Ligand SMILES: *Cc1c(COP(=O)(O)O)cnc(C)c1O
């Protein structure tokens, strides 16, 4: 697989280069030059395959020239060692639970696959790989747990002070070893800006081998396509043919992967991009004007993104054709009040406890069904995190139903450590240079 930059279609880099560079020098994003089609017979019989088999088939369609079959199979089995069940809640409504990995969020798919791809490409004796990552909550935990103990790597995680939940903070700050956490006095966008500036800084690049683990890394996008195929397989097995996916979106990596899956040959009828009031994309699809804004804090804090990085990838997948994007992607926004109502409604009507991000995806399905009464598709809303990560948001009687997984209990006894920094780049640079 060769990749180009969304800012320069003449550029050609290998997958390995794209993984380690993370971002092209021209500040575009890497995209495959060609999107191969999955074997049609495989797609037609997909219900016969398991998640690891589907993952291997999809990954090898993209990466067969970069990673030999045996190695790729082993890598996938190691990275994707947990399930992604599509749980039926009523006739035609399913919740896709993506929180059965170690950090209890869907970002485990991307982070675990990426860390193993990087480790695979690192040769003995090569310079230490420095992973810089900004997180609005869940990325950090997934990356920390994904890289923990991976030899020859060091991870620096920036997170906004006071804007991540207690469990998220524990996942970021209790690891030690090759993982360090930095608490930034600012927003997620400030954290992301610091990381982006570091990647563009000549001095830092001369001294360190920097790489990113944000959703901009192409190796995070690929494993996120696996569960779209696997869900389709699960639904097809039960006799459903028409499927729509509702994706709670912040940086638009998750839905970007869904759209990549579609371009690879996954038969999907419609995608719904569900956001909170950080609604750059819904506004764009309504008005045709792409205008980013500073992010606003909401209950669904992992989606508090005013400038969604991966949107350029989606436009690239559709050759900048806004009308074509609109045909495949419907987008809705929801306020915190609506989110809370959604949580109560899911509990009452479907007897299910959904985290705030998940609730937004559910609300978007309801809205879509109201606006498209003739569409009888099965609808899948993606549950991107376990409800226990956001304990403060639930009314007491719903909170009481949340079961705390064992992974979380183990963290509570560990000491917390984070370094504190402001939002100025010079301070961050100095911190990094100290090593
Ligand atoms: C990161 C995250 C999202 C948003 O995913 P994007 O790929 O950034 O759109 C949604 N929900 C949760 C729980 C997350 O951690």
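Quick one: how many residues across the range 263-279 are buried (at least 23 other Cβ atoms within 10 Å of the Cβ) and under 14 Å from residue 335 (Cα atoms)?
Residues flagged as buried (at least 23 other Cβ atoms within 10 Å of the Cβ) and under 14 Å from residue 335 (Cα atoms) within the range 263-279 amount to 4.
Go through (1) modelled with pLDDT of 95 or more; (2) in a helix (DSSP H, G or I); (3) within 16 Å of the ligand (Cβ to nearest atom) for residue 111 and report which single condition fails.
So residue 111 meets the others, but not (1).
For the range 252-281, give me each residue that is within 13 Å of the ligand (Cβ to nearest atom), more than 16 Å from the chain's Cα centre (by Cα) and in a helix (DSSP H, G or I).
Listed by number, the residues that qualify are 280, 281.
Is there a residue in the range 335-351 that is in contact with a strand residue (DSSP E or B) (Cβ under 7 Å, 6 or more places away or on another chain), within 12 Å of the ligand (Cβ to nearest atom) and either in a loop (DSSP other than H, G, I, E, B) or within 19 Å of residue 380 (Cβ to Cβ) (or both)? Spell out how you get there, then give the answer.
Restricting attention to the range 335-351, the residues satisfying the condition of being in contact with a strand residue (DSSP E or B) (Cβ under 7 Å, 6 or more places away or on another chain) are 350.
Restricting the remaining residues to those that are within 12 Å of the ligand (Cβ to nearest atom) gives none.
No, that holds for no residue.
So residue 229 ticks every box in (1) more than 16 Å from the ligand (Cβ to nearest atom); (2) within 25 Å of residue 272 (Cα to Cα); (3) out of contact with any helix residue (DSSP H, G or I) (no Cβ under 8 Å at 6 or more places or on another chain) but one. Which box is left unticked?
Exception for residue 229: condition (3).
Restricting the search to the range 232-251, which residues are within 16 Å of the ligand (Cβ to nearest atom) and either part of a helix (DSSP H, G or I) or closer than 23 Å to residue 136 by Cα (or both)?
Of all residues in the range 232-251, those within 16 Å of the ligand (Cβ to nearest atom) come to 245-251.
Listed by number, the residues that qualify are 246, 247, 248, 249, 250, 251.
Check whether at least one residue in the range 195-205 is within 18 Å of the chain's Cα centre (by Cα), farther than 16 Å from residue 429 by Cβ, within 16 Å of the ligand (Cβ to nearest atom) and part of a helix (DSSP H, G or I), and report yes or no.
Looking through the range 195-205, none of the residues is within 18 Å of the chain's Cα centre (by Cα), farther than 16 Å from residue 429 by Cβ, within 16 Å of the ligand (Cβ to nearest atom) and part of a helix (DSSP H, G or I).
So residue 301 clears everything in (1) modelled with pLDDT of 95 or more; (2) within 13 Å of the ligand (Cβ to nearest atom) except one condition, right? Which one?
Every listed condition holds for residue 301 apart from (1).
Taking the conditions exactly as written (modelled with pLDDT under 95, outside any strand (DSSP E or B) and either over 21 Å from the mean Cα position of the chain (by Cα) or crowded, with 23+ Cβ neighbours inside 10 Å (or both)), does residue 192 satisfy them or not?
Details: modelled with pLDDT under 95: yes; outside any strand (DSSP E or B): yes; either over 21 Å from the mean Cα position of the chain (by Cα) or crowded, with 23+ Cβ neighbours inside 10 Å (or both): yes.
Yes: the conditions hold for residue 192.
When you look at residue 210, is it outside any helix (DSSP H, G or I), surrounded by fewer than 24 Cβ atoms within 10 Å (Cβ to Cβ) and touching a helix residue (DSSP H, G or I) at 6+ places or on another chain (Cβ under 8 Å), yes or no? Even if it seems obvious, please write down each step before you answer.
On the way: outside any helix (DSSP H, G or I): yes; surrounded by fewer than 24 Cβ atoms within 10 Å (Cβ to Cβ): yes; touching a helix residue (DSSP H, G or I) at 6+ places or on another chain (Cβ under 8 Å): yes.
Answer is yes for this residue.
Identify all residues within the range 121-152 that are within 16 Å of the ligand (Cβ to nearest atom) and outside any helix (DSSP H, G or I); write none if there are none. Quick ask: steps written out before the conclusion?
Here is the first cut: in the range 121-152, the residues within 16 Å of the ligand (Cβ to nearest atom) are 133-146.
Result: 133, 134, 135, 136, 137.
Test residue 19 against the criterion of being assigned to a helix (DSSP H, G or I), at pLDDT below 95 and in contact with a helix residue (DSSP H, G or I) (Cβ under 6 Å, 6 or more places away or on another chain), and give yes or no. First the steps, then the outcome.
Values: assigned to a helix (DSSP H, G or I): yes; at pLDDT below 95: yes; in contact with a helix residue (DSSP H, G or I) (Cβ under 6 Å, 6 or more places away or on another chain): yes.
So residue 19 fits the description; yes.
Condition check: modelled with pLDDT of 95 or more and either assigned to a helix (DSSP H, G or I) or away from the ligand (no atom under 16 Å from the Cβ) (or both). Does residue 99 satisfy that? Don't jump to the end; show me each part of the working.
Details: modelled with pLDDT of 95 or more: yes; either assigned to a helix (DSSP H, G or I) or away from the ligand (no atom under 16 Å from the Cβ) (or both): no.
Answer is no for this residue.
I need the full set of residues from the range 408-435 which are in a helix (DSSP H, G or I), out of contact with any helix residue (DSSP H, G or I) (no Cβ under 9 Å at 6 or more places or on another chain) and touching a residue at least 60 places away in the same chain (Cβ under 8 Å), in order please.
Matches in the range 408-435: 431 only.
Suppose we filter the range 309-321 for residues that are within 14 Å of the ligand (Cβ to nearest atom) and either touching a helix residue (DSSP H, G or I) at 6+ places or on another chain (Cβ under 6 Å) or part of a helix (DSSP H, G or I) (or both); how many remain? Working first, answer last.
Start the filter on the range 309-321 by keeping residues that are within 14 Å of the ligand (Cβ to nearest atom), which leaves 309-314.
Pick out the ones that are also either touching a helix residue (DSSP H, G or I) at 6+ places or on another chain (Cβ under 6 Å) or part of a helix (DSSP H, G or I) (or both) and you get 310-314.
Looking only at that region, the number is 5.
Being touching a strand residue (DSSP E or B) at 6+ places or on another chain (Cβ under 7 Å) and within 11 Å of the ligand (Cβ to nearest atom): is that true of residue 360 here? Break it down into steps so the answer makes sense when it comes.
Values: touching a strand residue (DSSP E or B) at 6+ places or on another chain (Cβ under 7 Å): yes; within 11 Å of the ligand (Cβ to nearest atom): yes.
Yes, satisfied.
Residues in the range 286-298: is at least one within 22 Å of residue 367 (Cα to Cα) and within 10 Å of the ligand (Cβ to nearest atom)? Lay out the reasoning, then the answer.
Let us first name the residues in the range 286-298 that are within 22 Å of residue 367 (Cα to Cα), namely 286-288, 298.
Adding the requirement that they be within 10 Å of the ligand (Cβ to nearest atom) leaves none.
No: zero hits.
The values are calculated or read from the model by the stated rules, or taken from the named source; none is laboratory data. Predicted model, so just to flag it, every value in this text is computed and none were measured. Heads up, the Cβs are rebuilt from the backbone with ideal geometry, glycines too, and the neighbour counts pull from every protein chain shown.
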